[in-house]
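Okay, so here's the structure we're looking at.
None of the figures in this text is laboratory data; all of them are computed from the coordinates on show. Bear in mind the structure is a predicted one, so any value in this text is a computation, not a measurement. Heads up, the Cβs are rebuilt from the backbone with ideal geometry, glycines too, and the neighbour counts pull from every protein chain shown.
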């Protein structure tokens, strides 16, 4: 039975539990249909169980009210619910894989659709939030359509103009609307805004619409100071940077230059024919202006005499946006031919072409320093380009319709974009797709390549590194010493000194208050995080301490040594509470814990599970040589994950049995972690890839070719919103997830 052609809503929960709405799109692409084949089979099986609730299998409106199923404890109903749950989980998994594919194919609109389809899924986790954050990186959203945008000289206010002659001014920091105005044009109706600008002193706001109505507003109050009319329907306009003049465009030429104070025309072109597709811009010094038209040509004019100076030809379709560089030496044009061209203003020579935008380019502007260009296009994206090389630097996804208005903030660190999707967005240009933690003993400062960097660590190649459970601290080591850094501020909190040999292992307590270190000097040490004070030295191993971990109470520590023993310590008194001995006499490759269980590993390929309260062995995991030491436990200690070079295995710690085996395509290093909700496991491999798996289904949900270097460790923060990744090149990263939208 095929799912196509149906728009069905299924109830998959019993009374008192969360209801789940399954939505299946009636129009699938052929590629998606192939990937969803197995889901369709499960769907058909679920529909055959029509007795679960009235209306199952019937076509219903997408927004129809969902009725609760009748209460039933029968095996048939439980089986049906299980099948529905499996179907929805399979659907979610398919969508996550589709999102990754569409992202790689730059099909941002489809990514947004798939995120919307799965936003209410009970199986949503880190991977959904990861893609959601990449698609919504704006720092502020203003609920307003905008065909023109402007930013005040001090960066405090953002002005938006839309259809019907409407104008709004917003507080850029808070997003609060300061005032909302509407033109009262002389002709009786107002068009859409095509030009908007603040005067340099920030006291006035200038607007011009497509019906050639120009209004001078009080920027603070929204009071209309002057209304001017001139030109014909379809006029485009531009303001001089000093706010004293406006130039009106016309077909292939220009219409008039008008003084805004007196309202009189300073210069007028009697031959002008106005056209809605034209665009125009003043040079920064006001001596020239450039006009563009649907004849695919840009023309430079003398602003004093109206004389045509030169033309710029090369676009394959009409030119729809134009801007001068801050120094006036270059002109940039944009066209629906999917290109942006840079020209020498003095000679008319084409300098370079920016190509590769998947959508028609609607708008373009220079950054305040002239080094970058911003473009908006029909695919709903804004892009930042290097003006010197023509290479794309950044992409901003979030609009659901084309971006037709764009402007930099005066400091060049933020960008505002306008669209017809009901949103104007402000973007932070200093932040990348991930936080990067570079290890150098310098104050926090932005990195040119990745501005969202907190350079807070200690040398390029460090011995060990550990992040606190709350993701706010990182401890890094080199040799015998350690440093504790606060990640949000980028400041070093303290240094830990005391070991007489290199530190081999680090652990941070669950409450993030204490640090434990193990060294080849045969000791472990217990420290206070914030002060770096040494609380206790744990002496008792006769060889290197090669693994350690805190128990859940944050004051007991488990250590393992090359001497073949594992020890449980009271960290405040420094006394041994329990000594765990392996019958084979070899322990010390790894110690991991969850809840009350401890797992110790030996080189004989056997892991032993211990009860931390009694010190008794309560189970074992047999997996062959190389198993132990490459293992981590779930937060509750009931499941463990281990991995060989090409296999990841999920274990039931109580039974010692393998629950699931996940085939891997690259050798893995020490990079493996459970998500806090226990629904995901993430693994980093020798090829620099990050893979995330659904533990219940064994399906891969996310694969990121993250680094050119081996991944050496991964770790979730306790809120599940940050995944820290350590690479063998000495860099640590933090992938962020935004599950709140």
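Data table
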item	result
Estimated FRET transfer efficiency (residue 316, residue 201; beta-carbon r; R0 56 Å; 0.05)	0.85
Distance between modelled label sites at residue 421 and residue 307, nm, 7 Å Cα→Cβ extension	4.8 nm
FRET efficiency for residue 581 and residue 657, using Cβ-Cβ distance with R0 set to 25 Å, rounded to 0.05	0.50
Segments 530-542, 606-618, 326-338 sorted - mean Cβ within 10 Å per residue, highest first	326-338, 606-618, 530-542
Cβ crowding within 10 Å averaged over residues, with 281-290, 372-381 ranked highest first	372-381, 281-290
Pairwise FRET efficiency - residue 411 versus residue 224, Cβ, R0 = 35 Å, nearest 0.05	0.70
Inter-site label distance for residue 719 and residue 511 at 7 Å from Cα along Cβ, in nm	2.1 nm
